[in-house]
Structures are given as C-alpha cells and as structure tokens.
Amino acid sequence: VPDWSVSKITCLNEENIKALIHPKYEIVLLGTGNSLIIPPKEILHAFAKIGKSLDFMNSNAACRTFNLLAHDEREVIAAIIV
C-alpha cells in the first residue's frame, strides 16, 4: 500500500486499513514485521464484517507471497510493516 503510515502492529486501526478493504482485491496480505503477530481483534472483525479474510504473516513471508500471487495474476494487495 503506497504511503501507508503504520510502523508497528499496535498502530493498526479501522481507519488505516480502509485502503486494504477494496472489492478489487481478492487477497489481502499483512506483513507484521520480523515476527508473526496476530492483529488486534477489531481489525480481524472489520474484515469479517465485509466477508474478506486478512492473511497475516511476518513481513518477509508476506513479500514472497505477494510476489507469487501477483505473478499468477491474482488480485492481491499487501501492507508491510517494516
């Protein structure tokens, strides 16, 4: 996500995930930094409300997964916390 200002998982909120919730994207990836961290339940509920899943993993895995899915021409978006 261009210009995404989230620098740590604890900063995630419903406002800054709006860019990830778009009908175009069938797959939403969240890279949670060096370690796999489960996002706050409010974030998971926001995705569940609209019937989308949020796939979260460490940031290295999210980058690799994004590249594979994009190569397969899947509609994917990734937000990466560094």
Practice task
Select from region 1-55 the residues that are surrounded by 12 or more Cβ atoms within 10 Å (Cβ to Cβ), without any contact (Cβ under 8 Å) to a residue 60 or more places away in the chain, outside any loop (DSSP other than H, G, I, E, B) and among the β-branched types (Val, Ile, Thr) and list them in ascending order.
Solution key: Ile27, Val28, Ile43
Practice task
Please name all residue pairs, on different chains or six or more residues apart, with Cβ atoms under 8 Å, provided the first residue is in region 58-81 and is at negative phi and the second residue is among the basic types (Lys, Arg).
Solution key: Glu75/Lys24; Ile81/Lys8
Fill in the blank from the handout: Note on region 56-69: residues assigned to a helix (DSSP H, G or I) and either surrounded by 15 or more Cβ atoms within 10 Å (Cβ to Cβ) or of a type in the set (A, V, I, L, M, F, W, C) (or both) are Ser59, Ala61, Ala62, Cys63, Thr65, Phe66, Leu68, Leu69
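Here, each number is a calculation from the coordinates, and none is a lab measurement. Computed from a predicted structure; not experimentally measured. So basically every Cβ, Gly included, is an ideal-geometry build from the backbone, and we count neighbours across all protein chains shown.
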